[in-house]
Amino acid sequence: MKHTIYRILPVMLTGLLSCTLLTGCFKDHSTDPDRPVTEITATEELREIYTSEEGRILEIPAPKLTLNGPSKEVKYSWEVDYKEVSTSQVLKYRCPKPGVYALRLLITNGETTIAQRAKINVQYRFRQGLYFLGQEDKQATIGFVEPSQPDKEVDYDVLTINNPAGTIVGTPHDLAFVTNVAYQVKGFILACGTTLYNFEPDQMIMTKTLPLKSEITSVEGTWADSKGRFFYNGRFGDFNIKTLEANNIDLNTFVTPLGTSRDKLSLAPVTVSWLTDKNDAKKTDGYLAYDNGTERMVARFSQLSGRKTMSWFPDETKGYSLTHMVLTGDRLRVALFLKSKSDKTIKHLLINPGTHNVTKAKRVPEEVLLSKEVPAAAHLDASSVMTSAPTRSLVFYSGADGSGIYAYNTMSQGNFPTTPLISLSKDEVVVDMVVDKDDRFLYIALNSRSGATASIRQIDLTKDSYPVVHEWKDLRLPITAIALREDYPINN
């Protein structure tokens, strides 16, 4: 940080300020060498750099001064990138787009002028953190909390800064982040009503809208590629954040193995992609889906000869609809939970989807590892909210009776828990859960039964006691869904 002091007569002030500022001081004795000159001196200095976030108001007080001589009015001029933005003693500056900006402060009493310089580093406001979707004043709104700074003020609306009011319409359904580092593309997709919205996530600027004819059920950000999958009317489509285009051409290949027509598909609103090499996150074979109408699991995957679509294990799924499907076992296994259409019991299938995109001699066929009815004492049913920590082989689900959060280890051969891992109060309703990509933390979104407030709880999965790390309480609106953003902005 640099500062400069000038001592000048009033008649010369304007001319000198327009010249290049020089280090040092200047006195003019040509008219009245004995007239006292009031000298101001800063007893503090601006910091070298001030860090703020996009859209936030940055407050910087002017340095304290000492005056030597008759009292004179002191004036302030704050400049950002050499344009005056304030004449107040305390700068209150709303930071624009991300970047580093030059800051200069001029302090003068008409006879002495001080100049101090610094920099303002405006960072992306929306980085790694947890986003929650809700509705306020009949409009969808997205809030943001930052687990790395848990005591930071909750932001209840991240969309209005860079988007006009009324941009988002329809009942909020779901949200998801999609990132592909290889292609250096990323997106944030939001489903409201019958419209899918895509935003550039670093500044939350809307880049694309995709209107549909029916309500969107849910969306998911696939960790394996740059596609965001959206579900509607028993079907799904893939939204490519690189091309900003959507398609559902994979549905055409489902018809034959499922034994139905495309317009009669009744897909459960979830797909799962699996790894074929746990040491290489880029090696994915494909994905699984499930059609509740034909009661069949369908796998879409790659082989060296091209893409394949097959129906797997029809005898295991006949008479069942899918309630939940999650990755487990280092993302090499898939856990399915199926509800019997006759007696409403829940069946658990644990499968190895196999390795297919290799030479025939090295292929590992798909297989059922476990098929077992879930006991009623496990408190799991179709209404449970579920997520997983794949590298820990843990499945977390909310108890159907509201008793708490249960943890099932998929390596336990169907040994389901009968007591909750995390107890909840009678006023708390679980609406969504997510686990971070490193399987370190579980985030639980809870609404009050009155629907007036909500809370988010962060659980440490690395400790045996699973302690609560932080809880954001009394959030002012009920939550519909939550999503984690864990990538840093590309090229930043």
Query raised in the report: Within region 41-60, which residues are in a loop (DSSP other than H, G, I, E, B), modelled with pLDDT of 90 or more and of a type in the set (D, E, K, R)?
Result: 44, 45, 47, 48
Query - Any chance residue 119 is in contact with a Leu (Cβ under 7 Å, 6 or more places away or on another chain), surrounded by fewer than 19 Cβ atoms within 10 Å (Cβ to Cβ) and more than 30 Å from residue 172 (Cβ to Cβ) - result: yes
Query raised in the report: Of the residues 267, 210, which is of a type outside the set (S, T, N, Q) and surrounded by fewer than 20 Cβ atoms within 10 Å (Cβ to Cβ)?
Result: 210
Report task. Would you confirm whether any residue within region 100-109 is touching a Gly at 6+ places or on another chain (Cβ under 6 Å), surrounded by 15 or more Cβ atoms within 10 Å (Cβ to Cβ) and in contact (Cβ under 8 Å) with a residue 60 or more places away in the chain? Result -> no
Report task. Quick one: count up the residues across region 101-139 that are more than 30 Å from residue 167 (Cα to Cα) and either touching a Pro at 6+ places or on another chain (Cβ under 6 Å) or hydrophobic (A, V, I, L, M, F, W, C) (or both). Result -> 10
Query raised in the report: Can you find a residue in region 353-368 that is closer than 24 Å to residue 292 by Cα, part of a strand (DSSP E or B) and open to solvent by less than 20 Å² (accessible area, probe 1.4 Å)?
Result: no
Report task. Pull up region 71-85, narrow it to residues that are closer than 13 Å to residue 119 by Cβ and charged (D, E, K, R), then point me to the one that is modelled with the lowest pLDDT. Result -> 81
Report summary line: When (1) surrounded by fewer than 21 Cβ atoms within 10 Å (Cβ to Cβ); (2) without any contact (Cβ under 8 Å) to a residue 60 or more places away in the chain; (3) of a type outside the set (D, E, K, R); (4) more than 30 Å from residue 283 (Cβ to Cβ) are applied to residue 203, the one that fails is (2)
**Report entry** Matching entry among 415, 409 (being at pLDDT 95 or above, within 11 Å of residue 378 (Cβ to Cβ) and over 26 Å from the mean Cα position of the chain (by Cα))
**Finding:** 415
**Report entry** residue 403 vs. criteria open to solvent by 20 Å² or more (accessible area, probe 1.4 Å) and not basic (Lys, Arg)
**Finding:** yes
Report summary line: Of the residues in region 417-454, those that are aromatic (Phe, Trp, Tyr) and open to solvent by 20 Å² or more (accessible area, probe 1.4 Å) come to 441
Query raised in the report: Where in region 117-206 are the strands (runs of 3 or more DSSP E), entirely inside, with at least 3 residues that are modelled with pLDDT of 85 or more and among the hydrophobic types (A, V, I, L, M, F, W, C)?
Result: 129-136, 139-145, 172-180, 185-192
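The values are calculated or read from the model by the stated rules, or taken from the named source; none is laboratory data. Since we're looking at a predicted model, the values are computed, not measured. Positions of Cβ are generated from backbone atoms using ideal geometry, with glycine treated the same way; all protein chains shown enter the neighbour counts. Surface accessibility is based on the protein's heavy atoms, side chains included, excluding ligands, DNA and RNA. Shrake-Rupley method; radii C 1.70, N 1.55, O 1.52, S 1.80 Å.
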